[in-house]
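S.K.: The structure is given below, and queries will be raised subsequently.
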Amino acid sequence: MMSIAKDHKVNEQIRVRQIRLIGAEGEQVGIIDTREAMGMAREKNLDLVMVSPQAVPPVCKLMDYGRFRFEQQQNEKETRKRARSQEVKSIKFRVKIDDNDFKTKTNHVKRFLEEGHKVKVTIMFRGRERTHPELGERILVRVAETLAEVGAPESQPSMMGMDMNMIMTPKGGPRKVARHDDDHTDEHHDEHHSDGASETPAPQQDAAPVQPVTV
């Protein structure tokens with residue numbers, strides 16, 4: 001559908017003498033008097049809407065303006081809904097985590113994934129734990145395997161400072177998490193960390209921009 005500015009002129013608001021008219025089916029009618037175009041709009045029970053005021057002469061289109069505005073509002077609502085569903089939540093795990101805490105935090109991740117959110121799972125290292133990144137990877141693999149029915153890792157775990165991160169995405173094509181002891185690249189260093197379940201969306205990477213949402 002043709003994009004039309006919200007401050008466009010409609011019907012009697014169009015006061016220029018001539019316009020270039022586009023028909024209701026998108027056909028090029030040509031340059032005609034505005035009065036004639038208004039008559040055509042009335043005959044077809046449609047509206048005359050100026051879609052390109054800067055053109056010479058201005059371009060107008062025959063359409064059901066009320067229906068257009070309704071569809072535009074519905075599209076905007078759906079866009080906002082999709083933006084909200086793309087929030088990134090954040091859950092933090094400790095290297096030395098007991099089974100109960102693991103289950104609780106994993107349930108948080110599961111709930112967020114089921115709601116359609118991405119989730120950044122972070123392993124926080126303390127002291128000498130940093131020299132054993134495989135411990136963090138082991139937990140992230142366990143998280144991924146536990147939640148395989150609802151989500152999948154977006155990429156391999158990556159280190160940033162004292163933390164190891166992994167982004168989980170809602171199920172849409174499972175991906176295997178690889179265990180390795182090589183150097184880890186910092187792929188998610190711009191995202192916000194929070195302890196436990198966070199309701200605050202984290203800034204996204206350029207590869208997958210996400211509209212921030214206030215909750």
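S.K.: Expressed as a whole percentage, what fraction of the accessible surface of region 118-162 belongs to carbon and sulfur atoms when a 1.4 Å probe is rolled over the protein heavy atoms?
M.R.: On the way: 1060 of 2030 Å².
Carbon and sulfur atoms account for 52 percent of the accessible area of region 118-162.
S.K.: Are any of the pairs 96/171; 89/171; 81/103; 77/105; 44/77; 9/81 more than 22 Å apart by Cα-Cα distance, and if so, which?
M.R.: Working: 96/171 28 Å; 89/171 16 Å; 81/103 29 Å; 77/105 32 Å; 44/77 30 Å; 9/81 29 Å.
Pairs exceeding 22 Å: 96/171; 81/103; 77/105; 44/77; 9/81.
S.K.: Please compute the per residue accessible area over region 51-176 with all protein chains in place, 1.4 Å probe, rounded to a whole number of Å². Walk me through the numbers on the way to the answer.
M.R.: Details: 6790 Å² over 126 residues.
Heavy-atom SASA per residue in region 51-176 reads 54 Å².
S.K.: Still on this structure: How much length is gained if the chain between residue 18 and residue 142 is pulled fully straight, taking 0.36 nm per residue apart and subtracting their Cα-Cα distance, in nm to one decimal? If you can, show how the numbers build up before the last one.
M.R.: Details: separation 124, 0.36 × 124 = 44.64 nm, distance 6.92 nm.
Contour length minus the Cα-Cα distance gives 37.7 nm.
S.K.: Which FRET efficiency value, to the nearest 0.05, is calculated for residue 54 and residue 158 with the Förster distance at 41 angstrom and r the Cβ-Cβ distance? Write down the numbers at each step before the final one.
M.R.: Numbers: r = 48 Å, r/R0 = 1.17.
With a Förster radius of 41 Å, E is 0.30.
The values are calculated or read from the model by the stated rules, or taken from the named source; none is laboratory data. Since we're looking at a predicted model, the values are computed, not measured. Glycine also receives a Cβ, built like all others from the backbone with ideal geometry; neighbour counts cover every protein chain displayed. Only protein heavy atoms, including side chains, enter the accessible area calculation; ligands, DNA and RNA are left aside. Shrake-Rupley method; radii C 1.70, N 1.55, O 1.52, S 1.80 Å.
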